[in-house]
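Notes for the one structure printed next.
The values are calculated or read from the model by the stated rules, or taken from the named source; none is laboratory data. Source: prediction; values computed, not measured. Neighbour counts run over all protein chains shown; Cβ positions are idealised from the backbone, glycine included.
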Amino acid sequence: MKRLFVVGCPRSGTTLVQTLLMAGGIWSCPETHFFSRLNGTKGRLLKGFYGEWILYRWGKQNFPNNRYKLTTLPRYSLSSSVDHFVTYLDRLAAADKKDYWVEKTPWHVQSLPLIVNQEILGDAKFIHVIRNPVDTVNSMVKASREWVAAGKAGMTVEVAIRNWLNCYACSIGYAGDDRHLLINYEDIIASPDAVITSLNSFCGITIEASQLSHLNQFTSAVVREDERWKLNNAQHQSISSIPNDNSVFGTGDVATMKKILERLGESSQIRLALDRLDQLA
């Protein structure tokens, strides 16, 4: 079984990449948040116990006919819990007659030190999706308004900027690593053929450019009923149709973002972001 993870800052295009990979024949599933939740738990025994509970709840919600079965207490440990996570996804993919799966939880980018060091995932690969911070932050804050409407906590521009910076730093740290592929969301939109070629080579699959206009057929397998707002994320757009509504930014937000980004050095995302900010100033 071959295993793949798609990571990156939320609202950066990870769902679009996930559905592209599904178009290439790779099995996938709704976000698990498995490693993100483990990282917030202290103690190896407690991590092991909580990992089992995460899998049980997630399987019950998303695969009621192929649920995860809880193990007995003496087997609880961090490593065994990770092994159970991997073998459960192996089982789900095999049940769908697939020998390759991709798990997409954007926040897993911050858990990569834990993931990459797991023996069972020694041959796993990772795709990082990076989008310029102005559009990412704008999208995160706007999406959070829907969370508020659903009774969840919202997100300020300041928090969204900090989230993007943390995720960006995590991804850049793996640049040049053979097991990691970093792609820009803007390149998917502007030069899809080149990105598809990179994905095909890196993953050993075949994605056809003609499938870009039919990605929504895969979203039902990876988007839960309480995540319907993600459906538009799998739509490929022309570069001219990317929304340029940055109404969430105040004057102070623009100045703060410029100061932060100017310290990060040169990259295509940073240059694009600074150009966008100059237009807003």
Go through the range 1-30 and give me each residue that's of a type in the set (D, E, K, R) and modelled with pLDDT of 95 or more. 2, 3
Show the residue pairs that are 6+ apart or on different chains and have beta-carbon atoms under 7 Å apart, the first residue being within the range 171-188 and over 19 Å from residue 264 (Cβ atoms) and at pLDDT 95 or above, the second being assigned to a helix (DSSP H, G or I) and of a type in the set (S, T, N, Q). 181/198
Looking at (1) in a helix (DSSP H, G or I); (2) at pLDDT 95 or above; (3) of a type in the set (Ser, Thr, Tyr), find the lone condition where residue 80 falls short. (2)
For the range 117-136 the number of residues that are modelled with pLDDT of 90 or more and either within 20 Å of residue 277 (Cβ to Cβ) or of a type in the set (Gly, Ala, Ser) (or both) is 5
Check 228, 276, 224, 263 and return the single one that is surrounded by fewer than 15 Cβ atoms within 10 Å (Cβ to Cβ), modelled with pLDDT of 75 or more and among the charged types (D, E, K, R). 263
